[in-house]
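The values are calculated or read from the model by the stated rules, or taken from the named source; none is laboratory data. Keep in mind it's a predicted model, so treat the numbers as computed, not measured. Please note: Cβ atoms are built from the backbone with ideal geometry, for glycine as well, and neighbour counts cover all protein chains shown. All accessible areas refer to the heavy atoms of the entire protein, side chains included, with ligands and DNA or RNA removed. Shrake-Rupley method; radii C 1.70, N 1.55, O 1.52, S 1.80 Å.
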Number of protein chains: 2
Amino acid sequence: MDAMLRSVAAVLLFAAPLAVSAQTMTAAEAFHKIQQRYGGPIAGTTVDTLKAGDPSTPVTGIATTFLDTMDVLREAAKRGDNLVITHEPTFYNHPDDTSFFQGDPVYEEKLAFIREHHLVVYRLHDEIHATKPDPIAIGLVKALGWQNDFKNNDPFFLTIPPTTLEELATMLRTRLHIATLQVIGDPKLTVAHVAIRPGASGLQKQVLALRRDDVDVLIAGEASQWETVEYARDAAAQGRHKALILLGHEVSEEPGMEECAEELRALFPGVRVDHIVAGQPMWNAEYPPVK
Amino acid sequence: MDAMLRSVAAVLLFAAPLAVSAQTMTAAEAFHKIQQRYGGPIAGTTVDTLKAGDPSTPVTGIATTFLDTMDVLREAAKRGDNLVITHEPTFYNHPDDTSFFQGDPVYEEKLAFIREHHLVVYRLHDEIHATKPDPIAIGLVKALGWQNDFKNNDPFFLTIPPTTLEELATMLRTRLHIATLQVIGDPKLTVAHVAIRPGASGLQKQVLALRRDDVDVLIAGEASQWETVEYARDAAAQGRHKALILLGHEVSEEPGMEECAEELRALFPGVRVDHIVAGQPMWNAEYPPVK
């Protein structure tokens, strides 16, 4: 009897923290803990806020994703992951301003789905990028197998074995399964010094990377076609040793959010944490999707 | 003698306006006349301004282009087209703000080239788009052979013979020689009702077009991947009859600027007017450029 009681007590002691984490933690509490894990709440304006749902909802499971598309939300609901941590916006613009979308059928259906399935969506963008070294960049570098090629421990700048731009583009396309890779520069250019800028970091950050003497090629997520794209084209036309590769925004940031799921598993033991891949939104006319 | 004098006089009368247009018209005067031909100067802020060069330079020839890349400027100089009319910016951002680029080697070399070759660059963007019907949209529609398919005489909305999204994408890629076409939606979707939005018209204009009941597919130049691209993906995932095709910014607007050259030939008889194709900046890893 005494031994049996001890066993029961041990089971209770062992089970208690799990039960507390999984059953009584609200979405708001979980997101606060995630913020602390990364850079902490940003001072001033940030997009890392509640996007939809009731923050007092008890968390049954967590899904990380590049962007909570309709299909990602459906999969999260199916798996019981009611806390969705999305890197990019839910409602089609950076601050998730919904004023333009009032009455829009696509927006209204997405919002209704979140509410009907009692999902809670928070965005994790500024805080994860502000963490040093940026886990989103680290995720991309690891996906490329380049984690031993950092210059000065900085995941944004790497040295790789010299190759041609064309060969590098083919390697990236194959390794990351890219549907619509875009390249600017001379295909025969030898490249070894690489800058990485996942996502859409904008003209100035992209040009500052490309301008450096120790950078041959910038690998970015996306860029406006009248901005960095034309800067890179002119640099190449001037005979400079420069090139630009655009992976696609999702391709460049999804691995970082998959790494984030690993971090959250360590942060919330006993809580189900899934990474749900958003996938590339766009396909190539030459290779339409099979399904 | 009398007959001979009459011939000489006739030749002089015929030749005089040509000589005046070609030899004494300044770049500023020519641009003013171009503005009058289109919507006229925009009230308030506009990007349609002098970008580089001396506006009092006598015009020796005119070049229109989608965007005055280094290679376009070299070709203009070679042909003696010292007035360059560009649709998109010269210096890598919409207002051609050059403060960030002071000391940048790519910017400095481009500016020096313009000055050394006594070129004068003006932008024609807001005023041509404000002309009804938008000549840039008309140019794209004509390039597609769809000029008889306008709904209500509006070049932004057309009805074409029903086809699948996949077939339409393949037709566009082939007809417009597109290197990196991007498509969002079900390849098997039947499409017949088309909206056209050349360039990067932005989230709201693109969504307003896609939202219409009488639009199946929006054909645009470019779109941010966290904005219209994801709206279109969600619309398709909700089972709506919607798709999005991104031609590339240059592909979507170059034909309109080629049409502009035709207009300027009529406007400036006796002045050499060329359209110099900027070409697509980006290539596909599967089909790198041959040259």
- Query: Angle, helix A:105-116 long axis vs. longest principal axis of chain A, Cα atoms, 0 to 90°, nearest 10?
  - Reply: 30 degrees
- Query: Percent relative contact order of chain B, based on C-alpha pairs within less than 8 angstrom and at least six residues apart?
  - Reply: 21 percent
- Item | For the range A:210-223, 3J(HN,Hα) per residue [Karplus equation, 6.51 cos²θ - 1.76 cosθ + 1.60, θ = phi - 60°, Hz, x = Gly/Pro] | 5, 6, 4, 4, 9, 10, 8, 9, 9, 9, 10, x, 8, 8
- Ignoring ligands, DNA and RNA and using a 1.4 Å probe, state the total buried accessible area between A and B in Å², rounded to the nearest 100. 6000 Å²
- Average partner coverage of A:58-70, which counts Cβ from other chains inside 10 Å: 2
- Per residue, the convex hull volume that the Cα atoms of the range B:211-291 enclose (Å³): 143 Å³
- Convert 10 °C to kelvin, take the viscosity as 1.306 mPa s, use the Kirkwood radius over C-alpha pairs of the range A:63-217 as Rh, and evaluate the Stokes-Einstein diffusion coefficient in µm²/s, rounded to a whole number. 88 µm²/s
- Just need log10 I(q)/I(0) for the range A:135-247 at q = 0.11, 0.12, 0.24 Å⁻¹, Debye formula, equal scatterers on the alpha-carbon atoms, no solvent, rounded to two decimals. -0.29, -0.35, -1.64
- Spin-label pair residue B:238/residue A:238, simplified geometry with 7 Å Cα→Cβ offset, distance in nm: 4.6 nm
- Message: Label position 7 Å from Cα toward Cβ: report the copy-to-copy distances for residue B:44 in nm, one decimal, ordered from shortest.
- Response: 2.8
- Share of accessible surface on carbon and sulfur in the range A:135-247, whole %, 1.4 Å probe and ligands ignored, is 48 percent
- Item | Accessible surface, the range A:175-291, averaged per residue in Å² (probe 1.4 Å) | 35 Å²
- Give me a single rounded figure for B:32-38: the average over its residues of other chain Cβ atoms within 10 Å of their Cβ. 0
- Item | For the range A:81-135 versus the range A:216-260, the gap between their alpha-carbon centres in whole angstrom | 25 Å
- Can you give the % of DSSP beta bridges in the protein assembly as shown that are antiparallel, to the nearest 5? 45 percent
- Taking Cα atoms only, helix A:2-24 is inclined relative to the longest principal axis of chain A by an angle, in degrees rounded to 10, of 50 degrees
- Task: Report the equivalent ellipsoid semi-axes for chain B in whole Å, largest first, defined as the square roots of five times the eigenvalues of the gyration tensor built from alpha carbon atoms.
- Result: 39, 23, 17
- Once the protein assembly as shown is represented by equal point scatterers at the alpha-carbon sites, with solvent omitted, what log10 I(q)/I(0) does the Debye formula produce at q = 0.08, 0.11 Å⁻¹? -0.61, -1.07
- Regression test value, accessible area per residue of the range B:89-150, probe 1.4 Å, units Å², expected 39 Å²
- Query: From the square roots a ≥ b ≥ c of the eigenvalues of the alpha-carbon gyration tensor of the range B:21-150, which class results: rounded (a/c under 1.5), prolate (a/b over b/c), or oblate?
  - Reply: prolate
- Message: For chain A, give me the percentage of DSSP beta bridges that are antiparallel, rounded to the nearest 5 percent.
- Response: 40 percent
- At least 20 Å² accessible surface lost relative to isolated chain, residues of the range B:99-141 (1.4 Å probe): B:100, B:101, B:104, B:105, B:106, B:109
- Message: Quick check on the range A:35-190: of the DSSP beta bridges with both residues there, what percent are antiparallel, nearest 5%?
- Response: 35 percent
- Query: At residue B:164, with labels set 7 Å past Cα in the Cβ direction, how many nm apart are the copies from this one, shortest first?
  - Reply: 3.5
- Using modelled amide H (1.01 Å from N, peptide plane; none on Pro or chain starts), what sits under 5 Å from the amide H of residue B:191, excluding residues fewer than 5 places away? B:163, B:164, B:165
- Stretched out fully, how many nm does the piece from residue A:151 to residue A:192 gain, at 0.36 nm a residue minus the Cα gap? 13.6 nm
- Going by the rotation axis that takes chain B to chain A, pick out the residue of B with the closest C-beta and quote the gap in whole Å. B:180, 3
- Query: Once Rh is set to the Kirkwood radius over Cα pairs, what Stokes-Einstein translational diffusion coefficient, in µm²/s, holds for the range A:109-149 at a temperature of 4 °C and a viscosity of 1.567 mPa s?
  - Reply: 102 µm²/s
- Message: If I fit a long axis through the Cα atoms of helix B:249-267 and take the longest principal axis of the Cα atoms of chain B, what angle between them do I get, 0 to 90°, rounded to 10?
- Response: 30 degrees
- Task: Taking each label point as 7 Å beyond Cα in the direction of the beta carbon, state the distances from residue B:133 to the same residue in the other copies, shortest first, in nm.
- Result: 5.5
- Task: Could you work out the mean count of beta carbons from other protein chains within 10 Å of each residue's beta carbon in B:238-249?
- Result: 2
